[in-house]
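Right, one structure below, let's go through it.
Each value in this text was obtained by applying a stated rule to the coordinates, not by laboratory testing. Since we're looking at a predicted model, the values are computed, not measured. Using ideal geometry, Cβ is built from the backbone for each residue, glycine included, and neighbour counts are taken over all protein chains shown.
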Amino acid sequence: MTATLPIAPASALDALDALESEAIHIFREVAGEFDRPVILFSGGKDSTLLVHLAVKAFAPAPVPFPLLHVDTGHNYPEVIDFRDRLVERLGLRLEVAHVQDWIDDGRLVERPDGTRNPLQTVPLLDTINEHRFDAVFGGGRRDEERARAKERIISLRDAFGRWDPRKQRPELWNLYNGRHAPGEHVRVFPISNWTELDVWRYIQREGIELPPIYFAHEREVFRRDGMWLAEGPWGGPRGNETLKKRSVRYRTVGDGSCTGAVESTATTLDEVIAEVTASRLTERGATRADDRLSEAAMEDRKREGYF
């Protein structure tokens, strides 16, 4: 009898390879099933990862759908510069919905607290309707926050962009149901099963460029509600709050009025990965003031159509 070597099962794939393969499969499934997909892109690490995966999914052809950035006007300059350079380098199409335009024509009103993150919902839904996007890719991950933990990979939204948990479909054996009625659309989350650590390890493996604010740098910040916030067009210290120069980095990118930095000396990918490995808080739990507006802040925004 001749001995034969065992064949490694598919599950023996490297964990990052398996996550990459799943995400690429989702991109290709959506491209084949939907007419007008779009990728939400903020210039942050998760949306940059989405773009990298989309490029891989369709290479050597170009990515067959555009990017959409809902710009609050309260972004860090380094992130906007990175966004524009990435789009130019990869030859991508970029649609930008400026929240300021909705404020200027009266469709939105500034909030008393100055944050514009909750104001993104109306521009997002208006832009989806204007361009008739039927599948909207997002970089949400289940490890980030409780409202995201129960999200499907393909999530149905009604004609008003709202999320209804009773209308979500089971996703057995990696089979995704994208059926939707006219006026409805789906949100698609190809990296749902990734963790923050997976994202950073993949970024290191693939050599993906990120905005420099993800690495430690000197910045003037002030302390509020346990977070280090930066001064900007959105406002600055008030009351007894004072600016202090600290070595910080950002774990997530969003509206400057509600996105906090963490004290850090991590200037390399190895050092960032070591920090993330040791952390006991998700990036949103540690640095996003908008998630602290209420116990169900993200859940409420998801029902309204933002997430």
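Computed over the chain, the alpha-carbon pair-distance distribution with 20 angstrom bins reads 31, 58, 9, 1, 0, each value a whole percent. Structure remark: mean-square fluctuation, Gaussian network model of the chain, C-alpha springs under 10 Å; the largest value among W173, W200, W102 belongs to W173. Report the relative contact order of the chain, percent, no decimals, based on alpha-carbon pairs under 8 angstrom and at least 6 residues apart. Relative contact order here is 20 percent. Close amide-amide hydrogen proximity is noted between F137 and V38, I39, L40, V188, each under 5 Å apart and 5 or more residues distant or on a separate chain (H modeled in the peptide plane; Pro and chain starts excluded). Here segment 210-293 was treated as a single set of alpha-carbon atoms; its pair distances binned every 10 Å from 0 give 18, 52, 26, 3 percent. Taking a ≥ b ≥ c as the square roots of the eigenvalues of the Cα gyration tensor, segment 171-267 is classed as oblate, since a/c reaches at least 1.5 and a/b does not exceed b/c.
Taking G236, G254, G139 in turn, the Gaussian network model of the chain (Cα-Cα springs below 10 Å) assigns the largest fluctuation to G236. Remark on W228: its backbone amide H falls under 5 Å from those of A261, a criterion applied only to residues 5 or more positions apart or on other chains, H modelled at 1.01 Å from N. Provide the FRET efficiency to the nearest 0.05 for the D164-K244 pair, computing r from the beta carbons and using R0 = 41 Å. Efficiency at R0 = 41 Å is approximately 0.35.
Relative contact order of segment 210-293: what whole-number percent is it, with Cα pairs under 8 angstrom and at least 6 residues apart? Relative contact order, segment 210-293: 30 percent. What number, in percent, do you get for the relative contact order of segment 116-188 if the mean sequence gap of Cα pairs under 8 Å and at least 6 apart is divided by its residue count? Dividing the mean separation by the residue count of segment 116-188 yields 36 percent.
Between G256, V276, H217, the Cα set farthest toward the positive side of the dipole of segment 210-293 (charges on each charged residue's Cβ, about the Cα centre) is that of G256. Projected onto its three principal axes, the C-alpha set of segment 2-126 covers 79, 30, 27 Å, listed from the longest axis down.
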